[in-house]
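S.K.: Questions regarding the structure given below will be posed in turn.
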Amino acid sequence: MSMSSGKRDSTVDGHSPGFTDAEKEAMRERARELKAEVKWRKNKAAGTTDVLKKIEEMKEPDRTIAKRLHELIKGSAPDLSPRTWYGFPAYANKEGDVVCFYQPAEKFGTRYGVLGFSDEANLDEDGMWPTAYAITELSPAVEAKITALVKRAVSGS
């Protein structure tokens, strides 16, 4: 997850004094999520509600992309449970570990949203493999790639 993007506060001696406002908010959201994780483990439907709420709060085109990603991920890997992770829509395995997530472009002021995969994803290939994919639009070809990636990510889990 690339949280280093975005503007930083003024520098001191050429060094950044700390986290950006967006990074701080992501950490606050993660702290809230950790507290809510107990609720999520008891009621996974609450995770779906939280994810759909986050998606509805997004601006376009992130909202449309996130909605379709939600459909593709749930269709490709129905055993993954939606939940939020650092304020992002994410999808966790039965142990509650996030396998993949969507980082909207607006979150850190980047030019594209990112479909990211954690180390729980089974995407290993040789000694190096991609774990994040920029998404600017969803065509049938892109959707087919996403479906294949998600299926591969959960294979063997």
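None of the figures in this text is laboratory data; all of them are computed from the coordinates on show. Everything numeric here is computed off the predicted structure, so don't read it as measured data. Positions of Cβ are backbone-derived with ideal geometry, glycine not excepted, and every protein chain shown enters the neighbour counts.
S.K.: Can you give the FRET efficiency for THR110 and LYS145, using 1/(1 + (r/R0)^6), R0 = 25 Å, r = Cβ-Cβ distance, to the nearest 0.05?
M.R.: My answer for the efficiency is 0.80.
S.K.: When all C-alpha to C-alpha distances in the stretch 21-154 are sorted into bins of 10 Å, what percent of pairs does each bin hold, rounded to whole numbers?
M.R.: So the P(r) values, bin by bin, are 13, 45, 35, 7.
S.K.: Could you give the nm distance between label points at GLU60 and ALA46, where each point is 7 Å from its Cα heading toward the beta carbon?
M.R.: Taking the two extended label points, one gets 3.4 nm.
S.K.: With θ set to phi - 60° and the Karplus curve 6.51 cos²θ - 1.76 cosθ + 1.60, what are the ³J(HN,Hα) couplings of the stretch 112-119 in order, to the nearest whole Hz, using x for Gly and Pro?
M.R.: 8, x, 10, 8, x, 10, 8, 5
S.K.: Which order do MET27, MET128, MET58 fall in if you start with the one that has the fewest other Cβ atoms within 10 Å?
M.R.: Ranking MET27, MET128, MET58 by Cβ neighbours within 10 Å, fewest first, gives MET128, MET27, MET58.
S.K.: In nm, what is the difference between 0.36 nm times the number of residues separating ALA134 and GLU25 and their Cα-Cα distance?
M.R.: Residue separation times 0.36 nm, minus the Cα-Cα distance, leaves 37.0 nm.
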